[in-house]
Every structure is written in C-alpha cells, then in structure tokens.
Amino acid sequence: MRATDRGRLQVLSAAVLWGTTGTAQALAPASASSEAIGAVRMAVGGAALLVLALATGAFRGLDRWPRGALLAAAAGMGSYQPLFFSGVARTGVAVGTIAAIGSAPVFAGALARALEGGWPGRRWAVATALAVGGTSLLAIGGRRADVDPVGVAFALGAGLCYAVYATAAKRLLAGRPPVAVAGAVFPLAAVGLSPILFASDLGWLAAPRGLAVALHLGLVATALAYVLFSTGLGRVPAPTAVTLSLAEPLTAAALGVALLGERPGPAALAGAALVLAGLAVLAAPRPALTRPRAPAGSPPPG
C-alpha cells in the first residue's frame, strides 16, 4: 500500500472515531452541557497527547517551531467547539451540522488556493461536491429545519476553524512527528477552553457513566483519532483530508440507528449513499502509471 493510500485510510479511521462523539454525548448524564463536554474532551485529550509525546521523545531535537502555524492550529481547534455548539443551539442540529461539517472542505480548498497558489484538483472537487450534498441530505433527513442567520454564521465559523486547523497542522508536520504536532497543538487548545471548565458544573464526572463518556471522548475520539489524523495528514493534502473527514456524520448516523433507535428517512439514506460515493472517489487508490514496453533493440528512453 502506497503512503498516500495509507494516509487516506488513517484519516478515514480518525473520522470514524469522531463519529462516535454524538452517541457518547447522548449517553452522558443529563446535567452535562454540550460546552462542558467539549471542554472536558479537549482537556483529557490534550493531556493524553502531551504525555504520549513526552513519553515517546517526540519533542526531542525539535528546537524551532513556526509560531504562526502553531498558534493558528491551536486557535482553530480550540475555537471550533464553542462555535459549533453555539451554531447548533441557535439554528438546530440539522442546519448547524450542514453549515459546519459541509463547509469545511470548501474552506480548506480556498485556503489551499490562497496560501499555496494551487487547487486540490478535479478529483477533490467531484468528491467534495458528492460528500457535501450527501451530508446535507443526511443532516436534514427529510425533516423541517429552522434557519437562524446568526446560528448559521456561527456554524460556518466552526467549519472555517476546522479548515484552519487542518491547513496549519499540515505545515507543522513538515519535519516533525505527528505525535509531536498533536502533543503541542491540543494542550494549547485545551488551555484556551479552560475558562469553560471553571464556569461549568462538572459534577456529572463523578458518575461512572459521565467518567466513561469523558474518557472515551478524550482518549479515543480525540487522542487516538488525532494521532491517526495527523499521521494521515502528513501523507495527503489538507483539502483531501478534510473531505475524507465527512465520514464522521455518516458514522454518527449509523450509530444512531444501531444504538439510539433512530430511523432515517429516504433523504437520509440517499445522503449516506452520496457521502459513500464521495469518499470512495477520494479513498480509492490511484491506478499506477505504466510505461509502454519499447520494441526489442530500441534505445532506452531519454
């Protein structure tokens, strides 16, 4: 398997783990607010990634970090969750999810165009169109959605923040181990979200179910997921990685059916098929280029 194909598989695996967060949140105690769950997730995940980076010596020999990219990645990751939760609170889960998750690949492609002067390519454009359209149908599920312009703006801001994180993290990965990048970015993001912890009631963590949710979100859906994502991001372009991340809502929908008793309508099923088609376009290995065999006795090319 080529490095780029391994990278796509690692990003897809990370997106599947992210897709468990909605189900985990639904199983949390009722007293746990969405903002507190997000801040606890970042605190546990950031601490785990920092310990992992220190234990493996990932920071060894890394004296100089590009401060701008590091701060941009931490700010993007830290800002994503409050913006997303605020957008969902104002405009509903359906429209908030569409605006945040569906806009991230578009923002990532625009950032690649602005910062690198290139374009992710036709394959990315086709896959993104399929996946964004499918995510829209998957989120709406055939139900009526109320649109709040401020809520949509918050959700679009969340999509932009995720794209900023992926683009900045891609730059940090140049010459640095993925564990070191994650171990530097996430603790900084957790520090930025720490005021939410001090302002929230965290009594729900004392319950076994609440503690299990916090550990799953922090260790599995954050630490493990972002090690996989960072490793895969080092092997594929940032816009491709963000588009592959659209496997997250597909996983969330599947878990909703299997564990929460949800029954998707025809629109949601069609959306799932479109997301799968878009992911297949990007995840499929590229055919190897072969040279035509030269006739016997002909000189070598070049």
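Just so it is clear, none of the values below were taken in a lab; they were calculated from the coordinates. These numbers come from a predicted model, not from an experiment. Quick reminder, even Gly has a Cβ in these numbers, built from the backbone with ideal geometry, and neighbours come from all protein chains shown.
Separation of segment 183-221 and segment 28-88, taken as the distance between their Cα centroids, equals 10 angstrom.
Kindly identify segment 167-207 as rounded, prolate or oblate by the Cα gyration tensor criterion: order the square roots of the eigenvalues as a ≥ b ≥ c, call it rounded if a/c is under 1.5, otherwise compare a/b with b/c, prolate if a/b is larger, else oblate. Verdict is prolate for segment 167-207. How are the C-alpha pair distances of segment 8-50 spread across 10 Å bins, as whole percents from the shortest bin up? All Cα pairs, binned at 10 Å, distribute as 24, 47, 26, 3 percent. When peptides 153-161, 12-20 are ranked by their average number of other Cβ atoms within 10 Å per residue, the highest-first order is 153-161, 12-20.
According to the calculation over all Cα-Cα pairs in segment 142-238, the P(r) per 10 Å bin from zero is 13, 31, 32, 22, 2 %. Here, segment 22-95 yields an orientationally averaged convex hull projection of 6.8 nm² when only Cα atoms define the hull.
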